[in-house]
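The values are calculated or read from the model by the stated rules, or taken from the named source; none is laboratory data. In this text, all values refer to a predicted model and were calculated from it rather than measured experimentally. Glycine gets a Cβ as well: all are built from the backbone with ideal geometry, and neighbour counts include every protein chain shown.
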Amino acid sequence: MSDPVLLNITRGQTAVVTLNRPEKRNAFNRAMIDGLAEIFELIAKNDDEVRVVVLRGAGETFCAGADLNWMRDAADYTLDQNREDAEALAEMLRRLHDLPQMTIALVQGAAMGGGAGLVAACDIAVAVKDTAFRFSEVRLGLTPATISPFVVKAIGPRWARALFASAESFDGDFAHKIGLVQYLVENADELGGMNEYLVKLGFAAAPGAVADAKELVDHVTGKDISHGLMKDLAKRIAHRRASDEGREGLTAFLEKRKPNWAE
């Protein structure tokens with residue numbers, strides 16, 4: 001039996017994480033969730049060796065949501081067993097969201113339920129225009145609870161309420177319109193070119209600054225623009241300016257050369 005998740009760290013410090021159940025349209029089961037959680041933890045601990053993370057699906061589908069056999073088994077779980085199972089999915093998504101590296105989802109075929117949650121938990125998503133998306137949980141008498149923080153953060157509460165309640169299907173164009181994905185391509189063959197472009201952007205940025213910039217968004221979201229907040233933000237940029245990366249970046253700019261992280 002093949003591994004449900006594959007990890008390939010290139011010599012160029014890019015981690016390619018592949019959902020590897022193409023015969024099941026890369027649908028989630030517990031083995032895949034546990035595999036992803038372990039890989040994301042490993043990547044987080046090796047931020048000096050990995051600078052960009054790419055998440056993709058083997059075959060023609062990114063992720064079709066939950067595996068039917070896994071869901072069938074869950075129907076017989078106790079409340080505690082269901083809670084433990086859901087917590088595993090929630091923790092996996094949190095680890096992906098909290099990675100210090102820039103994360104990119106390459107989406108094709110379909111991203112349903114938890115698969116769309118993976119897309120929302122990444123920093124950047126590229127989708128083929130005809131990709132099918134749906135938050136289908138209410139059709140099964142469920143709710144998209146564990147993915148909701150990442151989806152609401154990506155598309156806002158108004159569209160989240162509409163799509164969670166209706167379980168309406170939508171395509172890549174609509175996903176782009178509401179902010180679930182930032183980039184569209186015409187077909188799967190074009191995913192590689194867009195990925196290469198984004199990876200280059202990632203390697204032009206200072207690794208520590210990327211991590212801090214991601215955390216900065218979480219820090220300011222929902223806060224009033226107060227004197228206290230602005231004082232805190234001034235302190236943050238002052239620390240960045242005084243950091244090794246900040247000094248190197250400014251020196252490289254003045255000397256008209258690439259900084260050491262971009263060489």
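Residues in the range 150-179 that are of a type outside the set (D, E, K, R) and either in contact with a Leu (Cβ under 7 Å, 6 or more places away or on another chain) or touching a residue at least 40 places away in the same chain (Cβ under 8 Å) (or both): PHE150, ALA154, ILE155, GLY172, PHE174, ALA175, HIS176.
When you look at ARG56, is it surrounded by fewer than 18 Cβ atoms within 10 Å (Cβ to Cβ), out of contact with any helix residue (DSSP H, G or I) (no Cβ under 7 Å at 6 or more places or on another chain) and of a type in the set (D, E, K, R), yes or no?
no
MET92 meets all of the listed conditions (1) among the aliphatic types (A, V, I, L, M); (2) over 27 Å from LYS177 (Cβ atoms); (3) surrounded by fewer than 19 Cβ atoms within 10 Å (Cβ to Cβ) but one, namely (3).
Across the range 60-85, what is the total count of residues that are farther than 22 Å from LEU198 by Cβ and surrounded by 14 or more Cβ atoms within 10 Å (Cβ to Cβ)?
Within the range 60-85, residues that are farther than 22 Å from LEU198 by Cβ and surrounded by 14 or more Cβ atoms within 10 Å (Cβ to Cβ) number 9.
Each row is one residue, and each column tells you yes or no for (1) assigned to a helix (DSSP H, G or I); (2) assigned by TED's automatic domain parsing to the domain that holds PRO100; (3) of a type outside the set (Asp, Glu).
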{"residue": "ASP212", "(1), (2), (3)": "yes, no, no"}
{"residue": "GLY222", "(1), (2), (3)": "no, no, yes"}
{"residue": "LEU233", "(1), (2), (3)": "yes, no, yes"}
{"residue": "ALA238", "(1), (2), (3)": "yes, no, yes"}
{"residue": "ALA252", "(1), (2), (3)": "yes, no, yes"}
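Among the residues of the range 95-110, those that are more than 9 Å from the chain's Cα centre (by Cα) and under 18 Å from GLY65 (Cα atoms) comprise LEU106, VAL107, GLN108, GLY109, ALA110.
Return yes when ALA44 is surrounded by fewer than 16 Cβ atoms within 10 Å (Cβ to Cβ) and without any contact (Cβ under 8 Å) to a residue 60 or more places away in the chain and no when it is not.
Criteria not met by ALA44.
With respect to the conditions (1) on the phi > 0 side of the Ramachandran plot; (2) crowded, with 19+ Cβ neighbours inside 10 Å; (3) not β-branched (Val, Ile, Thr), GLY156 lacks only one, and its number is (2). Listed by first and then second residue, the pairs with beta-carbon distance under 7 Å, at least 6 apart or on different chains, first residue in the range 234-263 and over 12 Å from ALA205 (Cα atoms), second basic (Lys, Arg), are ALA252/LYS258.
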